[in-house]
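Scroll down for the structure; my scribbles are underneath it.
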Amino acid sequence: MYGLVAGALHPLLTPAHLIVLVALGLLLGQQGVRHWTLDFPSFAVTLVAGLLLSNVYGNPFPFDNNLILLAVALLAGLLAVVAYPLPRWLVWLLVVKASTVIGLDTVPTVLPGIAAHKIYLTLAGSALSSCALLLGLSVFSFYLSKLWEGIAVRVLGSWVTASAVLTLALRFAHKT
Amino acid sequence: MRFITSAGLLLALFVGTTSVAFAHTGGGIGGGFASGFTHPLNGLDHIAAMVAVGLWGAFLGRPAIWLLPVVFPLVMTFGGAMGIMGIPVPAVETGIAVSAIVLGLMVALAAKPPLWVAAVLVGVFAIFHGYAHGAELPQAANPLAYSVGFVVATGLLHLCGIAVGLLVQWSAGHVAVRAGGAVISLIGVAFLLGLL
């Protein structure tokens with residue numbers, strides 16, 4: 001499937017992308033708007049850069065994208081559990097790492113004869129959806145962190161961390 | 001508060017109507033979020049212990065009310081990882097049954113130990129529950145979706161316990177919550193004796 005909607009569904013249907021977006025959204029919302037002016041534009045720019053790099057030139061990095069995304073989700077989830085005010089550079093680093101890898105990992109299957117504009121529409125849908133998801137989750141987390149002393153965000157952070165740890169354990173178990 | 005109470009009763013009803021004792025059959029789990037989500041809900045022993053954690057947290061008040069449900073999934077992952085790696089842990093089923101007995105008793109006796117004692121106790125039992133989930137993590141299906149499913153289900157069971165536990169602020173509610181703890185403890189005994 002190609003097109004804007006198919007692309008928009010991609011981050012929702014890719015568990016590794018979704019969990020890292022949830023983790024970052026929780027963290028960004030909890031840390032407050034002082035992070036947002038830098039982190040949201042950086043997320044969008046590096047996401048598009050990753051998308052273009054992998055789809056035009058091919059992914060030049062021989063890393064396991066899902067492994068990196070799970071590690072970022074684990075870290076972001078743990079930081080949300082701790083709920084300590086973080087330096088801007090640390091959150092920015094996590095955001096940029098995740099967005100670049102999400103971009104590099106979003107490569108639609110190119111069927112012979114498919115029009116190029118359909119591929120680009122799919123990629124645009126995926127980029128828009130990822131940005132909208134992160135923004136929406138951050139806003140949600142921002143307001144949620146005002147309730148019940150921020151307990152709900154910390155509980156959700158622990159859920160994300162637990163899920164990421166288990167999946168990482170499974171991957172390492174398969175490699176050994 | 002009335003909303004929370006109503007939501008708690010509704011969740012309790014939901015939990016009470018789930019099927020029982022299929023959590024550790026080891027087969028037939030397809031994978032994905034749905035099977036992960038239903039895994040803790042298919043075993044009464046899991047449900048009883050998870051709800052007890054929430055009940056006890058509500059009983060102990062702040063900060064235990066949120067600390068225990070945060071500690072549980074985090075420590076549970078260690079047990080899960082051990083299950084995935086195949087590291088042997090003795091008497092997992094017994095540990096799960098004992099967790100229901102002990103946590104239920106804590107609620108029934110209105111025990112209020114220091115916070116670190118409660119956290120350690122809950123953490124130790126979390127390893128057994130995590131091990132059971134981890135050992136059955138389906139390798140062919142999407143493991144991340146499965147993990148998210150069972151972690152979310154576990155967390156919702158804690159929230160269910162917390163919601164019901166908030167009844168302790170009324171005297172009748174206090175009695176009801178302690179009685180609930182006793183029932184959970186009895187369920188644990190039944191599992192330990194192989195009656196359920």
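Computed from the coordinates by the stated procedures, all read-outs in this text should not be read as laboratory data. Quick caveat, the model's predicted, so the values are computed rather than measured. Backbone-built Cβ (ideal geometry, glycine too); neighbour counts: all protein chains shown.
Here are some notes:
- Cβ-to-Cβ counts within 10 Å put A:17, A:35 in ascending order as A:35, A:17, the fewest first.
- In this Cβ point-charge picture (+1 for Lys and Arg, -1 for Asp and Glu), region A:4-175 has a dipole of about 100 debye about its Cα centre.
- Which of B:66, B:116, A:148 has the fewest Cβ neighbours within 10 Å, and the rest in rising order: B:116, A:148, B:66
- Ratio Rg/Rh [Cα only; Rh per Kirkwood] for the protein assembly as shown: 1.01
- Working from Cα pairs under 8 Å separated by at least six residues, relative contact order for region A:61-176 is 50 percent.
- Exposure proxy for A:171, A:88: other Cβ atoms within 10 Å of each Cβ, ordered fewest to most, give A:88, A:171.
- Neighbour net charge for residue A:29 - beta-carbon separation under 13 angstrom, K R +1, D E -1: +2
- Selection from A:84, A:63, A:172 lying farthest towards where the dipole of chain A points positive, charges on Cβ: A:84
- With an a/c value of 1.5 or above and a/b larger than b/c for the gyration tensor axes a ≥ b ≥ c computed over the alpha-carbon atoms, region A:4-175 is described as prolate.
- Cα centroid of region A:1-38 to Cα centroid of region B:67-107, whole Å: 32
- The protein assembly as shown - charge dipole about Cα centre, Lys and Arg +1 at Cβ, Asp and Glu -1, debye rounded to 20: 580
- Fluctuation leader among A:49, A:16, A:116 - chain A, Gaussian network, Cα springs under 10 angstrom: A:116
- Counting Cβ atoms of other protein chains within 10 Å of each Cβ in B:69-77 and taking the mean gives 6.
- Qualifying aspartates and glutamates (Cα of each under 20 Å from Cα of residue A:97; at least 8 residues distant if same chain): A:39, A:64, A:105
- Mean partner shielding of peptide B:57-64, defined as the number of other chain Cβ atoms within 10 Å of each residue Cβ, is 1.
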